[in-house]
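The values are calculated or read from the model by the stated rules, or taken from the named source; none is laboratory data. What you see is a predicted model, and the numbers here were worked out from it, not measured in a lab. Please note: Cβ atoms are built from the backbone with ideal geometry, for glycine as well, and neighbour counts cover all protein chains shown. Accessible surface areas use protein heavy atoms only, side chains included; no ligands, DNA or RNA. Shrake-Rupley method; radii C 1.70, N 1.55, O 1.52, S 1.80 Å.
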Amino acid sequence: MDVKETVRLWSVRRLYGTADRTVRALDGVTASFHPGTLTAVMGPSGSGKSTLLHCAAGLDRPTEGKVVIDGTDLGELDETGLTLLRRERVGFVFQAFNLVSALTAEQNVALPLKLAGRPIAPAEARAALAEVGLAERAGHRPSGLSGGEQQRVAIARALITRPAVLFADEPTGQLDTKTSRQVLGMLRDLVDNQAQTVIMVTHDPVTASYADRVLFLADGRLVDEFTTGVTAEAVAARMANLEAVASC
Amino acid sequence: MSRALGLAAGTEATVLTVRGPETFRVSGTVDGPGVYLSDADAAALAEGVRVIGVVTEPGADVAAVASAVRAAAGAQGRVYTGEARGALESRDDERTRWIGMQVLTGMTVLSAFVSVFVVASTFAFGVAQRRREFGLLRAVGATPRQVRRMVYGEALVVGGVAAACGVALGAVLGPSLGELLVAAGFEPVGFEVRVSAPPLAGAFAVGVLVALLGVWSAARRAARVRPLEALREAAVDDRPMPRGRWIAGAGFCALGVAAAFGAAVAGPEGLVTSGLYAAMAMIVGVALLAPAVVPFVARALTWPLNRGRGALGMLVRESALTAIRRTASTATPVLVTVGFAVLITGMVQTTAASFAAARTTTIRTEAVIMPDGVPGLSDAAAAASGGESALFSALYEANGEALSAIGATPALLERAGEVRAVSGSPAALGGDRVFVSPWLAKERGLRAGSALRVAFEDGTPGTLRVEGVAEGVGADVLLARDTVRAHDKAALADVAYVARATPVPPGMGARPADLDTYAAQADADEDRLVWTFTLLLVAVSTAYAAVAVANTLMMAAGGRLRDLRVLRLSGATSRQVLGTVAAESALAVILGTGLGLVVAIPALLGLRSGYGDLIGRHVPLVVPWGLIAAVAATCLVLAATAAVLASRPALTVRERPHVRTGVTVKRRRDGSEIPR
Ligand SMILES: Nc1ncnc2c1ncn2[C@@H]1O[C@H](COP(=O)(O)OP(=O)(O)O)[C@@H](O)[C@H]1O
Ligand SMILES: [Mg+2]
């Protein structure tokens, strides 16, 4: 392939030491994510999806292995360096608790730029909100926004720095079907129209069907990958199989 | 005065003078204070003229007058003008001012200390409540440094506003405080507070600084929040206590115990202040250890609640245990205050008791004669009862520096028993042969045989020969009694030692007393001042603790209104909800009180045994339990009130918009209808 990867993981291992045993949340994952693609990471609960996302996004450090984002090896950065990289090159949307409750939607969106000490035109944050269809909600605080609106504000905030990659951990996990579709449609448009790279964790086959590619995780290992024929039915069938194996 | 005593011109009046009772004829009345004698009579009774005032006409050239007076006085005297006249302040006033300085310093140090504490515990709690917010900020690109600066920034704003309010309040209340200090005897009459800019600016700066210091540890903790903590559902802080904190806590406790022993040796002068430092170190130590200790003690303390049948007991126990941070944050200020109150009051009272005990041990006679309503004993009073007394006077060095002096006889020293010769034999005391205190010997490099050039109270210059060094004199120089009397006609004695209690003739201004009575009363004035000072310190720390406790509970209540609503919805009555909340806060206060006692009592016991060893006698442990109970009760009432008030919004269970006769009635959060 001639296109350079936006995110690349080499044999990433993440162990959690608890009092009685060690949990291998990630057990040697190697994967790469190309620009302008939407990838879904799927797997049963506890298979290491979130851990993979956190390691790939520089929110957490792998116990072993290497992560490169946009040409930068995360292992070589200290805490501040990692923070700056997240601020400049990476965007996130979590399942919930994405917004600072004391700030308005507009202020939340402007936050990464403010933290970077960049001068920000008021229009910039408003434009970002308009892009997610929330121009008229700019002055509202999170407590006055619905779940779907909060997630859209979170997406606007994640995109304001024009990041190389957008990570989303079950972004529709707490939304109803209709709102989910809206949010997913928006992510799809970003990929198609602006060549945004998006990596999304989900355990819902319908959500995964919006992706170009689906990676399947089980017990911290990559066990399968769909690059073509990503339909809800196919994904659901593969998942059912994985879950059956997991429950044995 | 003539009217009050019924004296008219021509009648005879007997007054008590430094020579004993003397009779004078009243020659007339004046509208000034006091009694006026002829120069000759006055000279016979006074120590001589030490100060001559020069009254200038309005508009006179003070500098010219001063230099003229200087020329006239020559080497015989000094001339003071303007501010320099402060050097002539009476030694009593000077001492009172010194005490006042101690009081104000003590209160300032304590306030700053407690404020740092309160700010630290409030912000620690705030940061713990906001971990998820800090995690989110870290995730979206705030560096640890930015998070830290943000917390400092909040402290700066809050501290700045609070300091400004405090400064304004201080400027308004300062003059009244000055009057209070004079009334309590901490400042001499005539002391007044003038409000000027520099102290106010200083106080403002200190206030802001205190806020920044207090927030130091909370800011560091906020900066250490990892970005992933944004994803946690609840802000549980279940990490074990860091090793550094264990070490620091234990270190401060050890330091506190050491300082308590130091206070025991410090003597009455530095007792309250060194006691203060001991208590502060001890309390910092225990407060540092609190997060490790509180859960354990809370579990033990609430164990019985689990056995009862009521739901309330179970609720109180479980929520106190799960919200261990809230419990600890409420208990810590109470711990600080109760611990502090027990330590400082216990130290002061135990020390007073031990000094009294020490005095009765050293005195070798069975009884004493004490002044009765007069400033001191005249020689006539002591002689009338066959007692021997020491005289208090002063000596002046060439530079005008005053040295305290005591005149005694070898026989008297034998009876009083307090003086111990480090070198030389007290029997040699007499004429110009004197003993000096260890510090004076050290300061002036005096040894047996050295000469000490001084002026006596009456202005006569003289050279004293140092015979040796003596401890426990109670003054800088120990002279022969006759030498002091020769140069100071007005010197009086505090006490006269008599072989056994003998009645004193009336009119002498003296009364006999047994040793216990004397021991108890000898320092009564001083003890009263020290006690007032102590109470002030306790009041200050209690007030701060009350603020901190109320603050924590208010903050905590905001975060748990939802829980309380759930409780209400699952069938609890308002009363039960408020009862639970009040009982929880009471539990935390009781916990803090218990821990405070645990901190203070061992230190006090140590202090007592230290004193016991020092004087070889049993010293009672005196703790004013009533006062301690009042401190704890204040905290208890405030905590319960704050918790209940802050939880009230949870009582009105919010109603959903509901349908009434086909019309949707919209309701505000507080339940009132929104007009259509
Ligand atoms: N902070 C942690 N400490 C200990 N174990 C953890 C921690 N985070 C995740 N794990 C464990 O790692 C495994 C993978 O977790 P996660 O990545 O959250 O799974 P998923 O998102 O797929 O449900 C699980 O077994 C989980 O219990
Ligand atoms: Mg997950």
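General observations
- Packing-based order for A:49-57, B:185-193, using average beta carbon neighbours within 10 Å, highest first: A:49-57, B:185-193
- Peptide A:71-83 has a mean shielding of 2, counted as Cβ atoms of other protein chains within 10 Å of each residue's Cβ.
- Once the 1.4 Å probe is applied to the protein heavy atoms, chain B comes out at 51 Å² accessible per residue.
- Helical segments meeting 27 Å axial Cα length and Kyte-Doolittle 1.6 threshold in chain B (DSSP H): B:625-647
- Excluding same-chain neighbours fewer than eight residues apart, the aspartates and glutamates reachable from A:Lys66 by a Cα-Cα span under 19 Å are A:Glu5, A:Asp27, A:Glu76, A:Asp78, A:Glu79.
- 25 °C / 0.890 mPa s Stokes-Einstein diffusion coefficient of the protein assembly as shown, Kirkwood radius on C-alpha pairs, µm²/s: 70 µm²/s
- For B:Leu403, nonlocal amide neighbours, meaning residues 5 or more places apart or on other chains whose placed amide H falls under 5 Å from its own, are B:Leu395, B:Tyr396, B:Glu397.
- Computed [θ] at 222 nm, helices only, for chain A once each DSSP H run of length n ≥ 4 contributes -39500 (n - 2.57): -11500 deg cm²/dmol
- Dipole size of the protein assembly as shown about its Cα centre, with +1 on Lys/Arg Cβ and -1 on Asp/Glu Cβ: approximately 3940 debye, rounded to the nearest 20.
- Dimensionless Rg/Rh of region B:2-88 - Kirkwood Rh, Rg from C-alpha atoms: 1.11
- Adding -39500 (n - 2.57) for every DSSP H run of four residues or longer, then dividing by how many residues chain B holds, sets the calculated 222 nm ellipticity at -20500 deg cm²/dmol.
- Dipole orientation for the protein assembly as shown: of the candidates B:Val15, B:Leu321, B:Gly509, B:Leu321 has the Cα lying most toward the positive pole (charges on Cβ; Lys, Arg +1; Asp, Glu -1).
- Placing +1 on the Cβ of every Lys and Arg and -1 on the Cβ of every Asp and Glu, with nothing else charged, gives region B:111-256 a dipole about its Cα centre of roughly 1040 debye.
- Average beta carbon contacts from partner chains per residue of B:141-150, 10 Å cutoff: 5
- DSSP-defined beta bridges in the protein assembly as shown - what % are antiparallel, rounded to 5: 70 percent
- Other residues lying with their Cβ under 15 Å from the Cβ of B:Gly449 contribute a combined charge of +3, Lys and Arg counting +1, Asp and Glu -1.
- Rounded FRET efficiency, nearest 0.05, which uses the C-beta distance separating A:Ala237 from A:Leu84 and R0 of 41 Å: 0.45
- The candidates A:Ser47, A:Ser11, arranged from most to least accessible area with a 1.4 Å probe in the full protein assembly, appear as A:Ser11, A:Ser47.
- Test item: Cα-centred dipole of region A:7-247, Lys/Arg +1 and Asp/Glu -1 on Cβ, debye: 360 debye
- Solvent-accessible area lost on pairing B with A (1.4 Å probe, both sides summed) amounts to about 1700 Å².
- Shielding value for B:132-139 is 5, the average number of Cβ atoms from other chains within 10 Å of each residue's Cβ.
- Separation of region A:29-45 from region A:144-201 is 16 Å, based on Cα centroids.
- The solvent-accessible area of B:Arg85, taken with every protein chain present and a 1.4 Å probe, is close to 140 Å².
- Whole-percent carbon and sulfur share, accessible surface of the protein assembly as shown, 1.4 Å: 58 percent
- Rolling a 1.4 Å probe over the protein heavy atoms leaves B:Met370 with an accessible area of roughly 20 Å².
- Estimated distance in nm for a label pair at B:Ala254 and B:Ala292, the labels positioned 7 Å out from Cα along Cα-to-Cβ: 1.3 nm
- Sorting the segments B:64-74, A:170-180 by their residues' average number of neighbouring beta-carbon atoms within 10 angstrom, most packed first, yields A:170-180, B:64-74.
- Residues with amide H under 5 Å from that of A:Val41, placed H, sequence gap 5 or more: A:Met200, A:Val201, A:Thr202, A:Leu215
- Signed unit charges on C-beta, dipole axis of chain B, positive-most listed residue B:Leu255, B:His618, B:Gly430: B:Leu255
- Legend: residues in region A:88-114 shielded by at least 50 square angstrom of accessible surface upon adding the remaining protein chains to the isolated chain (1.4 Å probe, heavy atoms) are A:Phe94, A:Phe97, A:Val100.
- Straight-distance crosslink candidates among lysines, where the alpha carbon sits under 26 Å from B:Lys442 and sequence neighbours closer than 8 are dropped: none
- B:Val172/B:Arg97 FRET efficiency (R0 30 Å; Cβ-Cβ; nearest 0.05): 0.80
- Report note on the peptides B:575-587, B:203-215: ranked by the mean count of other C-beta atoms within 10 Å, highest first, their order is B:575-587, B:203-215.
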